[in-house]
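J.: I have a structure here, written as structure tokens, and I will follow up with some questions on it.
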Amino acid sequence: MENYAKQQKAFGLKELFYVLKKNWLVEAILFIVVVAMGVVYTRINTDYYISHATVVLRAEVGSSSSQYNDTVLSKMYLTTVSDLMKDDSIIDRAIDKAKAEKKDSSISAGALTVSFDEDSLMLKLTYRDNDKKASIEKLDAIISVCEEISSSGEFFPAEIKIVKISKETKSASASDDGKIITFAGIGALIAVGAYAIIMYFAKDRISSVDRLEAVTGRKNFVTIEKKKSGNIALPLGEGEHAGSHIEIDLAKLSDTLIYMSSDDSNKVFQVQSCLSGEGKTTVSTNLAKALGESQRKTLIIDCDFSKPSIHRIFKLHRACGITDYFKGEKTFDEIVKPTGVDHVDLITCGERISNHTIFFASPKFKAIIEEAKTKYDFIILDCAPVKALSDYINISAVADATLLVVGSDKLSARDLDYTVRELEACNANLIGTVFNFCTSENKKRYNYYYYYRKKDNK
């Protein structure tokens, strides 16, 4: 379980890195836009001035019998005086003082910063304002009020004196441009990361051969390019009806399977997909036809009880098929139907039964496969999608090899990884993939490419 968790984590990181790489242009634009917004804000945001002043706190005991000396007492009052300087009462008195002197009285405690050093008994004060002169006058007003309060002796038990060191308060210009741009850069990175995560969970689709092979860890045998008829894309294993189906030249794929079966070790091939509509049935029928054209006697068995459709492609009836054999009403030879294509026969699903899954787990299904091996060079099992039914668990036990049909932009990398792991869990021999509905920009060199073309039987 621990190793599995580590594999899942590694896969997730790899997936996220791929999404970052795949969407680099959008991410670069997003990063530039956010940083540019920060730069624009620095141009809009005006610079400010900070005035500086330093005062020393002196506290006198006034009595030799006290347990504190002057230095210890001064340190004790540093925090009190620091908090007092920012208190609303001091600010209000500073405002009144500024008004009396006809100066800018918009004094704010938020613009004042006070820090202190216990060793030197010094308090360092800064005041921020957009006007240089106003920043000096406002800080001086606050210090002046504090000096008056401390010298009056009304508020402190000890004798407190606040003494300003500098003769005059100084001010210097300052800017937050560096901070703004830094925060903009951090915000841009966060925005890019958030975008990648959203794309990772929302739209990480398998859209290239490279991606397909990276996720499955298997070679892609055939890439079938999407071709449009006018403005309408030809269907991919969907909507077949009597008298009309999609043709693909899969001679290269059939040659590959013939080579792999030269020692009769691989005769039974299950054709799988993750979801419905990825072209599994189209590939199954055209692969059987290609094998038949190579003078290989081929049997197609329609194992897709979720959406059986092969019988319609060959203009045959669904009745008299697998379920009839299972019930003991028909023999093997009686359920085999000629398709009209040389060297290609078909076994349909037959009539619907409430629980067809028990058939694939029964000895009778194995009996069909074993008898088919004695009479045919190849057996193609057109199976229900992995995410639709769990029939693949029992079918994988009798299949020599598995072909996985993946439709471009049809499923996410997570769904594909799930499908591969499910097939591997039931010991399916996944030998490779067929990449369907590929667009021209997602081609990969050294793969075979075929186009769909619609054939009408009249």
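J.: Is it the case, given these coordinates, that Glu334 is under 17 Å from His317 (Cα atoms), touching a residue at least 12 places away in the same chain (Cβ under 8 Å), surrounded by fewer than 17 Cβ atoms within 10 Å (Cβ to Cβ) and not polar (S, T, N, Q)?
T.: Spelling it out, Glu334 is indeed under 17 Å from His317 (Cα atoms), touching a residue at least 12 places away in the same chain (Cβ under 8 Å), surrounded by fewer than 17 Cβ atoms within 10 Å (Cβ to Cβ) and not polar (S, T, N, Q).
J.: Something else: What are the residue pairs meeting all of these: first residue in the range 168-183, first residue under 10 Å from Asn45 (Cβ atoms), second residue of a type in the set (Asp, Glu), Cβ atoms under 6 Å, and 6 or more apart or on different chains?
T.: Final answer for the pair search is Ser175/Asp47.
J.: Could you check Thr433 against (1) more than 39 Å from the chain's Cα centre (by Cα); (2) among the β-branched types (Val, Ile, Thr); (3) surrounded by 18 or more Cβ atoms within 10 Å (Cβ to Cβ) and say which number it fails?
T.: Tallying (1) more than 39 Å from the chain's Cα centre (by Cα); (2) among the β-branched types (Val, Ile, Thr); (3) surrounded by 18 or more Cβ atoms within 10 Å (Cβ to Cβ), Thr433 fails exactly one: (1).
J.: Within the range 156-176, restricting attention to residues that are of a type in the set (Asp, Glu) and either assigned to a loop (DSSP other than H, G, I, E, B) or assigned by TED's automatic domain parsing to the domain that holds Ala36 (or both), which residue is surrounded by the most Cβ atoms within 10 Å (Cβ to Cβ)?
T.: Asp176
J.: Another question, then. Which of the numbered conditions does Asp88 fail, given that it passes all the others? Conditions: (1) touching a strand residue (DSSP E or B) at 6+ places or on another chain (Cβ under 8 Å); (2) free of Cβ contacts under 8 Å to residues at least 40 places away in the same chain.
T.: (1)
J.: Still on this model: I'd like to check which strands (runs of 3 or more DSSP E) are fully inside the range 28-145 and have at least 1 residues that are among the basic types (Lys, Arg) and modelled with pLDDT of 90 or more.
T.: 122-129
Matching residues to (1) at pLDDT 80 or above; (2) basic (Lys, Arg):
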residue	(1), (2)
Glu159	no, no
Lys179	yes, yes
Gly185	yes, no
Ala196	yes, no
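Each row is one residue, and each column tells you yes or no for (1) at pLDDT 90 or above; (2) among the β-branched types (Val, Ile, Thr); (3) over 25 Å from Cys274 (Cβ atoms); (4) out of contact with any His (no Cβ under 9 Å at 6 or more places or on another chain).
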residue: Arg296; (1), (2), (3), (4): yes, no, yes, no
residue: Ile313; (1), (2), (3), (4): no, yes, no, no
residue: Tyr325; (1), (2), (3), (4): yes, no, yes, yes
residue: Ile335; (1), (2), (3), (4): yes, yes, yes, yes
residue: Gly340; (1), (2), (3), (4): yes, no, yes, yes
residue: Val344; (1), (2), (3), (4): yes, yes, yes, yes
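J.: Moving on. Regarding the range 187-210, can at least one residue be identified that is in a helix (DSSP H, G or I), touching a residue at least 40 places away in the same chain (Cβ under 8 Å), charged (D, E, K, R) and under 22 Å from Trp24 (Cα atoms)?
T.: Within the range 187-210, one or more residues are in a helix (DSSP H, G or I), touching a residue at least 40 places away in the same chain (Cβ under 8 Å), charged (D, E, K, R) and under 22 Å from Trp24 (Cα atoms).
J.: Within the range 251-267, can you find the residues that are assigned to a loop (DSSP other than H, G, I, E, B) and modelled with pLDDT under 90?
T.: Ser261, Ser262, Asp263, Asp264, Ser265, Asn266 - these are the residues of the range 251-267 that are assigned to a loop (DSSP other than H, G, I, E, B) and modelled with pLDDT under 90.
The values are calculated or read from the model by the stated rules, or taken from the named source; none is laboratory data. No experiment lies behind these values; they were computed from the predicted model shown. Heads up, the Cβs are rebuilt from the backbone with ideal geometry, glycines too, and the neighbour counts pull from every protein chain shown.
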